[in-house]
Amino acid sequence: EVRKMADQLNVSSNKIRESINYAKRLQNAVYTSSEVFKKTFPNSFIVDYPKEIVSGDFFWLNAKNEKIFLALADCTGHGVPGALLSTLGYTMLNNIVSNKKRFYLPTILANAIAAHCRLHNYVGVHAL
């Protein structure tokens, strides 16, 4: 009986680990690559040592109208919750920049705060 439970636990643990590893591959595919960052900022480096396999920390880089936009973000939580929030934050930043023709920093920040408030009201998130 104990052996059967241990085997079931092992199978479940492996499925969860595989799922989280796949989520990490998805994060790497969606987020700005370190190669793009190095190409934009040649004399730079990135230190990224997440506590868990997936993370709430990310950097975001976007260029538009001869301007470079950079954000370094740390979303609340580690692991899967942080990764989910960071993906939402990354998407919000892309939407803010892609939907604007002219950029005025207070407007960008106001849009980011408004998006955060909508998210907060929708899913009950307490902090980003």
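The values are calculated or read from the model by the stated rules, or taken from the named source; none is laboratory data. A quick note: this is a predicted structure, and the numbers were derived from the prediction, not measured. Quick reminder, even Gly has a Cβ in these numbers, built from the backbone with ideal geometry, and neighbours come from all protein chains shown. What goes into the accessible areas is simple: the full protein's heavy atoms, side chains included, and nothing from ligands, DNA or RNA. Shrake-Rupley method; radii C 1.70, N 1.55, O 1.52, S 1.80 Å.
Checking the stretch 15-24 against the condition returns a match, with at least one residue being closer than 18 Å to residue 55 by Cβ and either among the β-branched types (Val, Ile, Thr) or in contact with a Phe, Trp or Tyr (Cβ under 8 Å, 6 or more places away or on another chain) (or both). If you go through the stretch 28-44 and keep only what is in contact with a helix residue (DSSP H, G or I) (Cβ under 8 Å, 6 or more places away or on another chain) and either over 16 Å from residue 69 (Cα atoms) or open to solvent by 70 Å² or more (accessible area, probe 1.4 Å) (or both), you end up with just 30.
Going through (1) open to solvent by less than 70 Å² (accessible area, probe 1.4 Å); (2) over 28 Å from residue 51 (Cβ atoms); (3) at pLDDT 80 or above one by one, residue 66 falls short only on (1). Against the numbered list (1) open to solvent by less than 80 Å² (accessible area, probe 1.4 Å); (2) more than 13 Å from residue 83 (Cα to Cα); (3) among the acidic types (Asp, Glu), residue 48 comes up short only at (1). When residue 25 is tested against (1) open to solvent by 50 Å² or more (accessible area, probe 1.4 Å); (2) assigned to a strand (DSSP E or B), only condition (2) is not met.
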